[in-house]
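**Q** Before we start, here is the structure in question, set down as structure tokens.
The values are calculated or read from the model by the stated rules, or taken from the named source; none is laboratory data. These numbers come from a predicted model, not from an experiment. Every residue, glycine among them, receives a Cβ derived from its backbone with ideal geometry; neighbour counts consider all protein chains shown.
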Amino acid sequence: MSGDTPTHPDAGGISDPYAERIAGETDVTWQCAVAANDEFDPADPEYCPHEPETVTLDEPASIDGDGKIQLPGRPVDCPECGNPYEFLVNRLVVTFV
Ligand SMILES: [Zn+2]
């Protein structure tokens, strides 16, 4: 299992798109992952019409020692379908458990 997060962003030269594109951001693009998934069409009962929106966080996003993305003040669920756990944040899939 993972859990070894480089203590330094440049450690090992590993490119982490989450660290690069989300960490430190206060305004993030937020979209329900169901809506972003083109496997569903509007006739599908699981279809979600949520459009990407910009949300302003209470504090800049960060990644904790376990590699979990922290988005203080984020919306808790999708306003369209109620999905509470999977979203696209700055076009990257983020799962909340
Ligand atoms: Zn949704």
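**Q** How many residues does region 45-63 contain that are at pLDDT below 95, of a type outside the set (A, V, I, L, M) and more than 12 Å from the ligand (Cβ to nearest atom)?
**A** Selection size over region 45-63: 1.
**Q** Let me ask another. For Phe96, which of the numbered conditions (1) under 19 Å from Pro17 (Cα atoms); (2) at pLDDT below 95; (3) within 16 Å of the ligand (Cβ to nearest atom); (4) out of contact with any Phe, Trp or Tyr (no Cβ under 7 Å at 6 or more places or on another chain) fails to hold?
**A** Status for Phe96: all satisfied but (4).
**Q** May I pose another question? Could you tell me which residue of region 1-28 is surrounded by the fewest Cβ atoms within 10 Å (Cβ to Cβ), considering only residues that are in a loop (DSSP other than H, G, I, E, B), of a type in the set (A, V, I, L, M, F, W, C) and modelled with pLDDT of 95 or more?
**A** Per the criteria, the residue is Ala23.
**Q** If you check Glu39 against the conditions, is it exposed (fewer than 11 other Cβ atoms within 10 Å of the Cβ) and either touching a Pro at 6+ places or on another chain (Cβ under 9 Å) or not in a strand (DSSP E or B) (or both)?
**A** For Glu39, the condition - exposed (fewer than 11 other Cβ atoms within 10 Å of the Cβ) and either touching a Pro at 6+ places or on another chain (Cβ under 9 Å) or not in a strand (DSSP E or B) (or both) - is met.
**Q** Can you name the number of the only condition in (1) surrounded by 18 or more Cβ atoms within 10 Å (Cβ to Cβ); (2) away from the ligand (no atom under 14 Å from the Cβ) that Cys32 fails?
**A** (2)
**Q** All but one of (1) under 11 Å from the mean Cα position of the chain (by Cα); (2) loosely packed, with under 13 Cβ neighbours inside 10 Å; (3) away from the ligand (no atom under 14 Å from the Cβ) hold for Leu71; state the number of the condition that does not hold.
**A** Result: Leu71 fails condition (2) only.
**Q** Report the residue count in region 64-97 for those that are touching an Asp or Glu at 6+ places or on another chain (Cβ under 8 Å) and not in a loop (DSSP other than H, G, I, E, B).
**A** 4
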